[in-house]
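Worksheet: one structure, shown below.
The values are calculated or read from the model by the stated rules, or taken from the named source; none is laboratory data. In this text the structure is predicted, and so the values were computed from the model without any measurement. Here Cβ is always computed from backbone atoms with ideal geometry, including for glycine, and neighbour counts include all displayed protein chains.
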Amino acid sequence: MRILILGKCYSAQEFYSLFSKNSDNIVFSTISSIENYVDFTNPDDIVEFCEANEINFVMIGDEDYINEGLFELLSAKNIAVFSPTIEAISISSSKVFAKRFMHKNKIKTPRFFIAEKPSLALDYIKENSMPYAIRPDNHNEKECSLFCETYNQAQSIVNNFFNNGNKKIIIEDYIEGKNFSVWTLSDGYSAKILGIISKYQNDVAQFNCEFIDDELKNKIQEKFINPTIDTLSSQDESYVGILGFDFILDRTGELYLLGYNSFFDDLNTDFFTKGFNINWLDVFYSTVVGDVFLKYEFKPETKFMLALRQKDNIEFLCANTKSSLETYLAELGLNLEEYEEAKRVWKS
């Protein structure tokens, strides 16, 4: 198969490496460090390249390319594109859009306020009790949600977000609990859970922690995933591709949806590219042109998988038992301070 991967993120690099292992594939990518590197100045260049090089499958890993209308342009040329449309991507690219979507469709999320000016944000904070999580509207890994307990902290965060070009921000009730992400594969009409990954401080991630049980999985599917996919489909904005759901489970067992993600993020990618013995190219291609949901059962090779951010690197580890995993960790001599704290949070 002749493949083009659009994206410069960690996940795009990992899927390039995965697809390139098959000698039958010719894989091009916008990652500058690889052999088959290609660079484009506009969407028309990409369409022209795909036609000239007989590309028959395109995977889009970065939202910037989706927002350029490449799904629509390439699909019109009968090229299979694994990506949501511009309309569908709004659910992940704009946190404000996502919050309004959740509220309108009665999908449980923490109480929130949308502010378009610093003064409106600070007035709301003065009139209501803290703590808060303050989020920028844009989906940007460089600008994450920030927690504040005092008015002075809130003032600094609000001003910084607006000074950095954000037109809107979200002020959300802070909920203490266990954070985790649910990654799904959607064909536009239904979605299947690929995996549930617990996260701590964006530095530690573990596949299927102990607090994730079948009852919780069923609740996630019925109360959050199905309403999201069904609503988008009914609005002719069917979401095709990977869709991530960020949750928090509070101390009383209440579950809240915080937001959506359009593709695997850095800390989660290795679980799927290295932890599953699955032909992901066939999975993605079949999602676009066929029925993948009856062909594959998504189960990892090993029961225990862990990803740790170590400075600029991500260390991925897997084992058949928890004790073996922790023995392996100790032998590597990694900084495990964040991991030990994560275990305390996940157990509490």
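For the stretch 145-162, state whether one or more residues are more than 30 Å from Ala319 (Cα to Cα), of a type in the set (A, V, I, L, M), in contact with a helix residue (DSSP H, G or I) (Cβ under 7 Å, 6 or more places away or on another chain) and surrounded by fewer than 19 Cβ atoms within 10 Å (Cβ to Cβ).
Yes: the stretch 145-162 contains one or more residues that are more than 30 Å from Ala319 (Cα to Cα), of a type in the set (A, V, I, L, M), in contact with a helix residue (DSSP H, G or I) (Cβ under 7 Å, 6 or more places away or on another chain) and surrounded by fewer than 19 Cβ atoms within 10 Å (Cβ to Cβ).
Within the stretch 149-176, work out how many residues are within 13 Å of Ile125 (Cβ to Cβ) and free of Cβ contacts under 8 Å to residues at least 24 places away in the same chain.
6
Confirm whether Glu301 is part of a loop (DSSP other than H, G, I, E, B) and surrounded by fewer than 16 Cβ atoms within 10 Å (Cβ to Cβ). Before you say what the answer is, go through the steps one by one.
Numbers: part of a loop (DSSP other than H, G, I, E, B): yes; surrounded by fewer than 16 Cβ atoms within 10 Å (Cβ to Cβ): yes.
So Glu301 fits the description; yes.
Going by the conditions given, is Ser94 out of contact with any Phe, Trp or Tyr (no Cβ under 9 Å at 6 or more places or on another chain), surrounded by fewer than 21 Cβ atoms within 10 Å (Cβ to Cβ), without any contact (Cβ under 8 Å) to a residue 40 or more places away in the chain and not assigned by TED's automatic domain parsing to the domain that holds Thr228? It would help to see each step written out before you state the result.
Details: out of contact with any Phe, Trp or Tyr (no Cβ under 9 Å at 6 or more places or on another chain): yes; surrounded by fewer than 21 Cβ atoms within 10 Å (Cβ to Cβ): yes; without any contact (Cβ under 8 Å) to a residue 40 or more places away in the chain: no; not assigned by TED's automatic domain parsing to the domain that holds Thr228: yes.
Taking the combined requirement at face value, the residue does not satisfy it.
Working only within the stretch 7-57, note down all residues that are part of a strand (DSSP E or B) and either assigned by TED's automatic domain parsing to the domain that holds Asn261 or free of Cβ contacts under 8 Å to residues at least 24 places away in the same chain (or both).
Selection gives Tyr37 alone.
With the requirement that a residue be surrounded by fewer than 16 Cβ atoms within 10 Å (Cβ to Cβ), part of a helix (DSSP H, G or I) and more than 17 Å from the chain's Cα centre (by Cα), what does the stretch 58-91 give you?
Hits for the stretch 58-91 are Glu72, Ser75, Glu87.
From the list Asn208, Asn226, which residue is surrounded by fewer than 18 Cβ atoms within 10 Å (Cβ to Cβ) and either of a type outside the set (D, E, K, R) or in contact (Cβ under 8 Å) with a residue 40 or more places away in the chain (or both)?
Asn226
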